[in-house]
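Laboratory data are not the source of any read-out in this text; all were calculated from the coordinates shown. In this text the structure is predicted, and so the values were computed from the model without any measurement. Positions of Cβ are generated from backbone atoms using ideal geometry, with glycine treated the same way; all protein chains shown enter the neighbour counts.
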Amino acid sequence: MRQGSIPGAHGRVRPLSLLGDPVLHAPCAEVTDFGPELAALVEDLFATMYAAHGVGLAANQIGEPLRIFVYDCPDDDDVRHVGHVVNPRLVETDGVVVRGPEGCLSLPGLEAGTERHDHAVVEGFTVTGDPVTVHGTGFFARCLQHEYDHLEGRLYVDRLTGWRRRRVLRRAARASWSGR
Ligand SMILES: [Zn+2]
């Protein structure tokens, strides 16, 4: 992405992968080619995230099983964080564990109280291969942990137990987008 350009302005809005699609339920592969196709994928991720009014999006949510995610997300102090991370590693989570409402573009219209650490640090690379470190607190820390989970083949529903898990899965099964 060129400096000064609006993320996603050159991207294509792609169809979203939904709960049950195998691409969402398996770990993604490391990115090894930092060429123009990767930059185009980041643009598509931004374009698709903005079109769906999301705050984060992982590549497997548009059917590309690669370790990359994008975000445009506020933290609890209303500071806006915009960026992307290639081959992210979640190197630190600490602070209190907070249960808060969490949704996902792969389960449209649903949300559930999900436990996340209040602080998270992700290390990875930009599309041009430069190292990057992202610190998040509050809602943005939640976003980083959520997107990182996607690349490991996990959805927020996989972190739920008991009635919270049963309720969101029941609502997903009944949803208009559900294949069942
Ligand atoms: Zn998600």
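Take ASP130, project a point 7 Å from its Cα along the Cβ direction, then tell me which residues of segment 68-84 have their backbone nitrogen under 13 Å from it.
Those under the cut-off are 84.
Take the chain, connect every pair of alpha-carbon atoms lying under 10 Å apart with a spring to form a Gaussian network, then pick out the residue of ARG167, ARG12, ARG67 with the largest mean-square fluctuation.
Maximum fluctuation in the GNM of the chain, among the listed residues, is at ARG167.
Calculated from DSSP H runs of 4 or more alone, at -39500 (n - 2.57) each and per residue, what is the 222 nm mean residue ellipticity of the chain, nearest 500?
Here the helix-only value at 222 nm equals -7500 deg cm²/dmol.
At what distance in nm do the modelled label points of ARG154 and VAL82 sit from each other, each positioned 7 Å from its Cα along Cα→Cβ?
3.0
For every other residue with a beta carbon closer than 11 angstrom to the beta carbon of LEU66, add +1 if it is Lys or Arg and -1 if Asp or Glu, then tell me the sum.
-3
Restricting attention to the alpha-carbon atoms of the chain, what are Rg (one decimal) and Dmax (integer), both in Å?
Both quantities, over Cα of the chain: 15.6, 47 Å.
Taking segment 73-180 as the region of interest, what is the percent of Cα-Cα pairs per 10 angstrom bin, listed from the shortest bin to the one with the maximum distance?
The calculated distribution, bin by bin, is 14, 42, 31, 13, 1.
Would you work out the relative contact order for segment 22-174, in percent, from Cα pairs under 8 angstrom that are 6 or more residues apart?
25
Taking the Cβ of PRO131 as the centre, find all other residues whose Cβ is under 14 Å away and add up their charges (Lys, Arg: +1; Asp, Glu: -1).
Net local charge, PRO131 excluded: -1.
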